[in-house]
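Engineer: Following this message is one structure expressed as structure tokens.
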Amino acid sequence: MDSKTNYDAIINHLLEVYKGDEYMLQRVDFHMKNMEPMLTMDYQNHTKRIMRTTILENEKAMFVNVFLSKHRFYYLQDSQVGCFYEYDGVHYRVIKEDDIQHKILTNIPQDNTLQDWKYKTKNTIIKQIKTQSLFANTPESSTIQSVLKRLTPAVFPKRDAAKYFLTLIGDNIMKKNKDLIYLVHGKAKHFFTQLDHLAYITIGQSNIMRNLIKYHESHVYSKCRLLNIVDDVEDVFSVDQSLDLFCVACHYSNRFGGADEYLIKKASDEFKHYAFYLKDATKEGIVNKFCENMIINVDEQSTGHSNGAMISWKDIHYLWKTYISNTHLPNMLYSTTLKQILIQKYNYSGLHDAFINITSKHLPRSRSFIDFWEKHVHVAENDELEIDELCHLLKTKGIVLDEKEIVNLICHFFPNVELLNEKYIPNIRCDLWDKPSDIDVSLDQLKHAYKAREDTPFISFEDAYAHYCSTFSSKMIVSKAYFEKYVITTLKDYIEYDKFIAHDWCST
């Protein structure tokens, strides 16, 4: 049925319904005669609405494009609530949705036709921002360089190590390469803990450092990668700065495809070899490399006589620790495994717990230290020795060791000796230096110097320490902290205001 036939049927139906009703028939007649003007007006109004909508749509599209080009907003959706972010070209920061909405509405001019669609425009922009993932954006060079500068050299020795670290963190954030294990050489507990905490409060992810761990024998070497950290640090990144790090990390992960791909495509040969050290390695191969660098087979160096050469297992174990420390390797072998491989390689005496017919050019240093310790270091309650003081005392006997090596030697060969912050050794003394006696001599001289000075009610610790330093300027000097601790203990009845010696002491 065509429209004309349909309309004829409607009119005939109306005439039939109102047949005999003069008023209603007049109304039908009126509407029929005025239908054309009404339709014309409807057409004109409709056309105007379309034109206005088209103009507003264009205005809205232009405003949205301009606004989002000037203001770089991103979004992350976690399991509970979404979070918005803003990037100013240098730093990222978390921003509230209300602040974004306020910025949108205040940027629409009051005299602009878009005012009629301001809420619709606002909703369009918010919807579009929610499609822009924080992890898919590209940071500016200034942001990348800022992050790398904070990581190098404070945390990592070189930039390629820092970039590698960032890429693997990006992999973790984006749930890539889940089966890889990163064995860390160096202390990093505080740094990793802080980054985990910052990741949770900025991007809603927890335990992103989960696969940066110490070695366990259950780990397969082919899945292990190495990472060298200079030192454990705290507060390298603030909350906002950590957001920069996570965004750069995801950018690197996207750009290179993953941490392994970064090593292959961008890292130096030296660093790539280090990071992939365990990828194709075997335990026996690692031990062989250690032996090549640290052990000498006496049979091969002599005329057939071993001269009774022997290295104890304890010495071998220390050589192993020295080797992995010097080569910046994590401890990727348990000591029992190392020992069993060495037993297969060299003659072993169970009676002496030692390996026969081998020696090492590195042992004289450790043995010299042990001999020095056993001869000159004694238990002394309430006394203490600092590691740097021990360095100087060793030099008096021609033994040159740095502080780190001394700490390692003490920890390995004298595990019952207490170390505080790897700096102080409490309850010991060295018979080459009587620290309390030097201080007593200095205090006795100080007492005589001040005895006749009635105008001085107190002697400050500062002055007392300065006098001590001048008295023993040509000898070793105790630290100010040690000096004050000794004075407080020895002259406890004459201490005033925590930092002064009462003049009455001079009369004793």
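Engineer: What residue, of Val90, Val147, is among the β-branched types (Val, Ile, Thr), at pLDDT 90 or above, within 30 Å of Asn254 (Cβ to Cβ) and in the same structural domain as Ser238 (by TED's automatic domain parsing)?
Structural biologist: Val147
Engineer: Among the residues that make up the range 453-467, is at least one of them of a type in the set (D, E, K, R), closer than 29 Å to His376 by Cα and exposed (fewer than 15 other Cβ atoms within 10 Å of the Cβ)?
Structural biologist: no
Engineer: If Ser253 satisfies all but one of (1) in contact with a strand residue (DSSP E or B) (Cβ under 9 Å, 6 or more places away or on another chain); (2) of a type in the set (S, T, N, Q); (3) closer than 30 Å to Tyr85 by Cα, what's the number of the condition it fails?
Structural biologist: (1)
Engineer: Grab the helices (runs of 4 or more DSSP H) fully contained in the range 206-278, keeping just those with 3 or more residues being aromatic (Phe, Trp, Tyr) and not assigned by TED's automatic domain parsing to the domain that holds Met332.
Structural biologist: So the answer is 239-256.
Engineer: Just one of Glu86, Glu97, Glu140 is surrounded by 12 or more Cβ atoms within 10 Å (Cβ to Cβ) and touching a Lys or Arg at 6+ places or on another chain (Cβ under 8 Å); which is it?
Structural biologist: From the options Glu86, Glu97, Glu140, the qualifying one is Glu86.
Engineer: Any idea which of Leu68, Leu134, Leu148 is in contact with a Leu (Cβ under 6 Å, 6 or more places away or on another chain) and surrounded by 13 or more Cβ atoms within 10 Å (Cβ to Cβ)?
Structural biologist: Leu134
Engineer: Are there any helices (runs of 4 or more DSSP H) wholly within the range 1-117 with 2 or more residues that are closer than 30 Å to Thr202 by Cα and either out of contact with any strand residue (DSSP E or B) (no Cβ under 7 Å at 6 or more places or on another chain) or touching a residue at least 24 places away in the same chain (Cβ under 8 Å) (or both), and if so which?
Structural biologist: Per the criteria, 35-70, 97-107.
Engineer: Does the range 151-190 hold any residues that are part of a helix (DSSP H, G or I), surrounded by fewer than 20 Cβ atoms within 10 Å (Cβ to Cβ) and without any contact (Cβ under 8 Å) to a residue 24 or more places away in the chain, and which are they?
Structural biologist: Listed by number, the list holds a single entry, Arg159.
Engineer: Taking Asn408 as the residue in question, decide whether it is of a type in the set (S, T, N, Q), under 30 Å from Cys430 (Cβ atoms) and assigned to a strand (DSSP E or B).
Structural biologist: So Asn408 does not fit the description; no.
Engineer: Would you be able to tell me the number of residues in the range 279-297 that are in a loop (DSSP other than H, G, I, E, B) and not acidic (Asp, Glu)?
Structural biologist: Of the residues in the range 279-297, 4 are in a loop (DSSP other than H, G, I, E, B) and not acidic (Asp, Glu).
Engineer: Taking the options Leu432, Leu393, name whichever one is surrounded by 15 or more Cβ atoms within 10 Å (Cβ to Cβ) and under 42 Å from the mean Cα position of the chain (by Cα).
Structural biologist: The unique qualifying residue is Leu393.
Engineer: Can you tell me how many residues in the range 118-138 are within 30 Å of Asn172 (Cβ to Cβ) and part of a helix (DSSP H, G or I)?
Structural biologist: The number of residues fulfilling the criteria is 7.
Engineer: List pairs: first residue in the range 214-234 and of a type in the set (Asp, Glu), second residue in a strand (DSSP E or B) anywhere in the structure, Cβ distance under 8 angstrom, at least six positions apart or on different chains.
Structural biologist: Within 8 Å, no pair qualifies.
Engineer: Give the residue, chosen from Ile213, Ile296, that is within 18 Å of the chain's Cα centre (by Cα), among the hydrophobic types (A, V, I, L, M, F, W, C), surrounded by fewer than 21 Cβ atoms within 10 Å (Cβ to Cβ) and more than 30 Å from Tyr87 (Cα to Cα).
Structural biologist: When all the criteria are applied, what remains is Ile213.
Engineer: With the checklist (1) surrounded by 15 or more Cβ atoms within 10 Å (Cβ to Cβ); (2) in a loop (DSSP other than H, G, I, E, B) in hand, flag the one item Asp383 doesn't pass.
Structural biologist: (2)
Engineer: On to the next question. Report whether or not Met51 is under 26 Å from Ile125 (Cα atoms) and out of contact with any helix residue (DSSP H, G or I) (no Cβ under 9 Å at 6 or more places or on another chain).
Structural biologist: Criteria met by Met51.
The values are calculated or read from the model by the stated rules, or taken from the named source; none is laboratory data. Everything quoted here is computed from the prediction, not taken from an experiment. Glycine also receives a Cβ, built like all others from the backbone with ideal geometry; neighbour counts cover every protein chain displayed.
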